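All of the numbers you see were taken from the coordinates with simple rules; none came from a lab. Because the structure is predicted, anything quoted here is derived from the model rather than measured. Every residue, glycine among them, receives a Cβ derived from its backbone with ideal geometry; neighbour counts consider all protein chains shown.
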Amino acid sequence: MRAVLITRYGPADTMRVGEVEAPHAGPREIRIRVVASGLTPADTYLRAGRLRESIALRLPHVTGVDAAGVVDEVGAGVTGVAPGDAVFGLTDPARLGGAHAEHAVLVAWAAKPTAWSWDEAGGAAGNVETATRVLDRLGVGAGAGRTVLVHGAAGGVGTVAVQLAAARGATVVGTASEGNHDLLRSLGAAPTTYGPGLAERVGALAPGGVDAVLDCAGGTLPELIGIAGDAARVVTIADLDAAAHGVHLSHSAPVTEMDGAAVGDADPMAVHGLRAAAALAAEGRLRVPVAATFPLAEAAAAHELSESRHARGKIVLRAGPDA
Ligand SMILES: NC(=O)c1ccc[n+]([C@@H]2O[C@H](COP(=O)([O-])OP(=O)(O)OC[C@H]3O[C@@H](n4cnc5c(N)ncnc54)[C@H](OP(=O)(O)O)[C@@H]3O)[C@@H](O)[C@H]2O)c1
């Protein structure tokens with residue numbers, strides 16, 4: 001099958017599409033014929049070798065951690081899904097890849113909502129998993145976190161986090177460049193710009209204070225802690241200095257720690273919010289803003305757009321035609 005490959009560490013133009021053997025679904029897994037898959041900043045860090053000290057990739061490495069497509073293999077022990085079903089989901093987080101290809105093996109999935117295009121579904125799962133994990137940790141919708149600040153709200157994770165927080169009943173403030181403020185309003189957040197004076201601007205939008213902060217941008221934890229009033233009310237997904245500030249840095253967990261006993265069955269939270277997100281999508285309450293779509297062969301251009309740090313929403317790779 002064709003797949004986007006990291007064959008050596010380097011700039012975006014070192015990526016190439018090559019032939020690799022198609023994977024097969026193991027126990028509790030499914031395989032899909034991929035229609036669309038999401039690009040995340042982590043794909044670019046892996047390619048550039050920024051994570052090589054801590055993560056040893058076996059090269060060639062097939063990139064991508066989430067995808068949508070049509071089921072074409074069902075592993076042992078899997079129920080509730082059959083070949084021909086349209087789904088979206090996650091590859092095994094321990095593999096850090098496998099989605100930017102014509103076939104992908106998923107360890108967690110949900111039925112693709114008909115309200116979503118293939119591009120939206122292809123870019124959804126990773127951001128839904130991340131946003132769900134962090135909002136759960138912050139207690140948003142469970143008594144805490146009535147007012148939430150999403151810092152870096154116009155990106156892939158931020159756009160989904162804003163909507164999930166709003167769906168949990170929170171009042172949401174989001175930071176973005178001015179050109180993305182209408183987008184944030186349309187997703188349910190009161191927008192403001194990031195940069196100097198953030199605390200004052202957020203204070204004006206949330207005079208009752210901020211109960212929880214999701215940092216999707218990094219680099220400004222002291223200010224975010226000041227806004228929340230307590231480091232325990234801040235969770236970052238993007239700041240490697242988190243520990244020095246007493247802030248929790250949230251990572252996706254290996255599948256064995258992801259409530260693995262229920263992965264693939266009927267419990268929505270067992271699939272990391274995927275089914276809950278699909279239900280919201282069906283009600284028209286969750287969309288996945290797509291910044292741009294590229295064919296697999298143009299993965300390098302997709303990486304360059306991600307590295308600009310100003311894509312509006314999710315960058316998606318197309319592996320095949322609509323099903
Ligand atoms: N730990 C985890 O589990 C996990 C999971 C997913 C992602 N991440 C990390 O989380 C970060 C966000 O991921 P993503 O997929 O949402 O990225 P993304 O889609 O590339 O985010 C781009 C957004 O970042 C905003 N931005 C750029 N510079 C900013 C700044 N100085 N302050 C605030 N916002 C800024 C941009 O907003 P404007 O264009 O409006 O300026 C843009 O909309 C990345 O570092 C990624 O590696 C971590």
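Net charge in the neighbourhood of residue 207 (other residues with Cβ under 14 Å of its Cβ; Lys, Arg +1, Asp, Glu -1) is 0. Extension gain for the segment residue 114 to residue 309, taken as residue separation times 0.36 nm less the Cα-Cα distance, is 67.2 nm to one decimal. Cα centroid separation, segment 99-165 to segment 18-62: 19 Å.
With a Förster radius of 56 Å applied to the beta-carbon distance between residue 1 and residue 199, the computed FRET efficiency rounds to 0.65.
Highest mobility in the GNM of the chain, judged by mean-square fluctuation with C-alpha springs under 10 Å and restricted to 277, 76, 244, is found for 244.
Here's how it looks for residue 102: its modeled amide H is under 5 Å from those of 2, which are all 5 or more places away or on a different chain. From most to least packed by mean Cβ count within 10 Å, the peptides 215-224, 125-134, 278-287 give 125-134, 215-224, 278-287.
Just need the relative contact order of the chain here, percent rounded to a whole number, with Cα pairs under 8 Å and 6+ apart.
The normalised contact order for the chain reaches 21 percent.
Note that segment 130-249 carries a Kirkwood radius of 13.5 Å, evaluated over its alpha carbons pair by pair. Stretching residue 230 away from residue 45 to a fully extended chain increases their span by 63.6 nm, per 0.36 nm per residue minus the current alpha-carbon distance.
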